[in-house]
Every structure is written in structure tokens, then in C-alpha cells.
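**Student:** Quick one: the structure is below, and I'll ask about it shortly.
The values are calculated or read from the model by the stated rules, or taken from the named source; none is laboratory data. Quick caveat, the model's predicted, so the values are computed rather than measured. Note that we place each Cβ from the backbone using ideal geometry, even for glycine, and neighbour counts take in every protein chain shown.
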Amino acid sequence: MKNILFILHLPPPVHGSSIVGQTIKNSTLINSSLDCRYISYLISSTIDEIGKMSFLKIYRFLIVWSRLLVEIIKHKPEVCYLTLTSRGAAFYKDVLLVATLRFFRIKRVYHLHNKGVSQNNSKKLNNILYRYVFNDADIILLSNQLYHDIEAYVPQSRVHICPNGIEDTSGNFKPRLFPKERPVKILFLSNLIESKGVFVLIDACSILRQKGINFECDFIGAEGNLNAAQFNERVRQNQLSTKVRFLGKKYGKEKQEAFADAEIFAFPTYYSNECFPLVLLEAMCDSLPVVTTFEGGIQDIVEDGMTGFLVPQKNAEVLAEKLEALIKNSELRQLMGKAGRQKYENEFTLNKFEHRMKEILEQI
């Protein structure tokens, strides 16, 4: 049985890599197939700490690095799985872990939940470090669409594709049966980050209002680089106070109720680090047609014209056009929702993710 050490981002804070890390750690299949040991790479303990340097975070990193040395010396892992950060200050921190693993000649596999290598390799230091870090390592990507980001450093023979998967919390395809007179409910779920398309969606809602279309749009998530006051001011300026609401954070049952109450999921992101948004899988799992953008690996999630629509980034007019088509056609919403649910069942269940991950780790 292969002896493997996992260095995982584990919740909190809750983001894609931490959710996937928790999934791996809790997987009966992976843990019964491999001799697994785990180190929690918990440097940021809250969302507010992400991307910020502090003495407390340096202290936490030193603890992680010390634990890594103990694991290497005591248990001699054959392979180390690391959720590598590919840019920013966190990348330089990861380089120190990689240097330790290379010193002890331990095979490395990096699971990339972010991108930015191709945008940051023009600096001489970054280029040198990328060559050092990626040398002889295997890479797990969430989508083939993301390979171009690392192709200068990693041959395709060392790349493995493992799309994320999520737990099925909805049970099956569920037709949306609401009164005809009820406004069609659009749902946006993410933190209030401008590049997630928050203002683009508000502007699209303004276009729909001007056309006299019967709809409502709920925004759910934590405040980000936009706060509630800025959000509400944009809503007021667009005369959308009766149609658009920011409902704050929702978890568990409340979040599921929001999905169940919606008829369309909108996510017009242009976030530069967007790779494989789990929220799109959640929407498809819940039989919602999705309107989103060409970013990261999203093209491998949403089939344009089949499970939803893909629209150009920062284009409120086209976004409004696709939302209008769905709002006016309940049969199209049902067909796309059903197709999205089927794609989820075929490709993005938790069971399929665990089996793919197990096979990749055994192969490596």
C-alpha cells in the first residue's frame, strides 16, 4: 500500500481547495486504498486573513514546516500531495516546502486550485522558481482548459485531470413548479467581489427591469471588496430596490432553501483566479440552468446551449439577453436544468471525484 503524505488546506476558511481537502481527508475509499497521513496547511484561519501577511501566519507556517520534517523523518512517505499556490506571497511559502521535499527526494504531486503562472513568469525570479518547483512533479488539474497556464514548465505526460465533485444534497432532478404569476427568481451565490460579476449582474437586472420583465434576483454571500452599502447604492441607482436583494451569508439548510427557491443561477465572473467554481456544480446538482462566462475551466462544467449559457465577460447586455430567454421560457429552464442535473450525475458526483483521485494517486 502506497505511503502518501497529504498537505491540505482544511476548513476554515471555506473555499474550493479547503472543501476538496476535507473531502479527501474524509474519503473512506482513498484512506482504505492508500496509507494516508495528513498535515493541515492552515495558515489563514479566517477569510479576512487570506492574502495578508502577519507574524501569526509566519508562526503557523513554521509549525507546518516542522510537522513536515517530523513526518518525513519518522514515516518516510513515498509521495507527498500538496495543494500548491501558484502566485503571490503564498507561492514563496510553498517553495520552502517543495525545497524540503526535494532535499529528501520525495516524489511530489501538486493539486492546483488556482492559476496565474503564465501571468507571473515574466519576472526572472518567478521563472527560476517555477522551473524549480515544477521540475519532475506530477500535476493534478481541475480541467484541460487550465493546462495552458503551466505548459511552459510541465509536459502533458505529467498532467492528470480530476474535476471536482460535490455531495448530492438535492436527491434528483426536481422540476420547478411555481405559480405563473410569481416573478422568476435568479440566484447569485458568491462573496461580494466585483470581479465575480456583481455589478455586471445588477446592470443586467436594470436592463430586464427597463423591458418590464417579471423577475427577482437574490445575491447570497459574505462581503468582499464590496460591502452591503456599496451594493445597495448600485441597486438604488438602477431603481432595483423591489427586485434585487443582498441576503448575506447562508449555509446548510438556508443555502439549500435558496437553491430550491431559484429558477436560474447567474454567475458572470471575470475573477482572474477562477478555475472550477464549486457553486456551479451545486446549481447543476439542484437542476438549475446556469448563465456564466468563459473563464478558467468553466467550459468543462457548463455546456453552452445545453445546460445553460456562456456569455462574454463584463457584458451586461448579452447577460440580460440570455436571462430574458430563460425567464420567458419555462420549458427551456426545465430542459436545461434537467440536462445540468444529468451532467452532474455523469461527471461531478463525490463518488466519481474520489475514484478519479484514488486512481491518479495509485498511478503516480
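**Student:** Name the residues in the range 231-245 that are among the basic types (Lys, Arg) and free of Cβ contacts under 8 Å to residues at least 24 places away in the same chain, would you?
**Tutor:** 236
**Student:** Can I ask one more? Which numbered condition trips up residue 314, out of (1) assigned to a loop (DSSP other than H, G, I, E, B); (2) under 22 Å from residue 15 (Cβ atoms)?
**Tutor:** (2)
**Student:** Tell me, yes or no, whether the range 171-186 has at least one residue that is at pLDDT 95 or above, among the β-branched types (Val, Ile, Thr) and assigned to a loop (DSSP other than H, G, I, E, B).
**Tutor:** Among the residues of the range 171-186, not one is at pLDDT 95 or above, among the β-branched types (Val, Ile, Thr) and assigned to a loop (DSSP other than H, G, I, E, B), which makes the answer no.
**Student:** Checking the structure you have, find out if any residue of the range 297-304 is without any contact (Cβ under 8 Å) to a residue 40 or more places away in the chain, in a loop (DSSP other than H, G, I, E, B) and touching a strand residue (DSSP E or B) at 6+ places or on another chain (Cβ under 9 Å).
**Tutor:** yes
**Student:** Any residue at all in the range 318-332 that is of a type in the set (Asp, Glu) and in contact with a Phe, Trp or Tyr (Cβ under 8 Å, 6 or more places away or on another chain)?
**Tutor:** Among the residues of the range 318-332, not one is of a type in the set (Asp, Glu) and in contact with a Phe, Trp or Tyr (Cβ under 8 Å, 6 or more places away or on another chain), which makes the answer no.
**Student:** Still on this structure: Out of (1) more than 18 Å from the chain's Cα centre (by Cα); (2) part of a loop (DSSP other than H, G, I, E, B); (3) among the hydrophobic types (A, V, I, L, M, F, W, C); (4) within 27 Å of residue 210 (Cα to Cα), what's the single condition that is false for residue 323?
**Tutor:** So residue 323 meets the others, but not (2).
**Student:** Moving on to the next point. Among the residues of the range 222-242, is there at least one that is closer than 24 Å to residue 289 by Cβ and charged (D, E, K, R)?
**Tutor:** no
**Student:** Among the residues of the range 106-120, are any among the charged types (D, E, K, R), in a loop (DSSP other than H, G, I, E, B) and in contact (Cβ under 8 Å) with a residue 40 or more places away in the chain?
**Tutor:** Scanning the range 106-120 turns up at least one residue that is among the charged types (D, E, K, R), in a loop (DSSP other than H, G, I, E, B) and in contact (Cβ under 8 Å) with a residue 40 or more places away in the chain.
**Student:** Considering (1) crowded, with 16+ Cβ neighbours inside 10 Å; (2) of a type in the set (Asp, Glu); (3) modelled with pLDDT of 80 or more, say which one residue 78 fails and leave the rest.
**Tutor:** The single condition residue 78 does not satisfy is (1).
**Student:** OK, next. Taking the criterion of being in contact with a helix residue (DSSP H, G or I) (Cβ under 8 Å, 6 or more places away or on another chain), closer than 30 Å to residue 234 by Cβ and surrounded by fewer than 22 Cβ atoms within 10 Å (Cβ to Cβ), would at least one residue in the range 163-172 satisfy it?
**Tutor:** No - not one qualifying residue is present in the range 163-172.
**Student:** Continuing with this model, one more query. Checking residue 206 against (1) at pLDDT 95 or above; (2) surrounded by fewer than 17 Cβ atoms within 10 Å (Cβ to Cβ); (3) of a type in the set (Gly, Ala, Ser), which test does it fail?
**Tutor:** (2)
**Student:** Sticking with this one: Go through the residues of the range 241-251 one by one and say whether even a single one is on the phi > 0 side of the Ramachandran plot, at pLDDT 95 or above and assigned to a loop (DSSP other than H, G, I, E, B).
**Tutor:** There is at least one residue in the range 241-251 that is on the phi > 0 side of the Ramachandran plot, at pLDDT 95 or above and assigned to a loop (DSSP other than H, G, I, E, B).
**Student:** Follow-up question, since we're still on this one. Inside the range 81-105, can you point out the residues that are surrounded by fewer than 18 Cβ atoms within 10 Å (Cβ to Cβ), under 26 Å from the mean Cα position of the chain (by Cα) and in a helix (DSSP H, G or I)?
**Tutor:** Those that are surrounded by fewer than 18 Cβ atoms within 10 Å (Cβ to Cβ), under 26 Å from the mean Cα position of the chain (by Cα) and in a helix (DSSP H, G or I): 89, 92, 95, 96.
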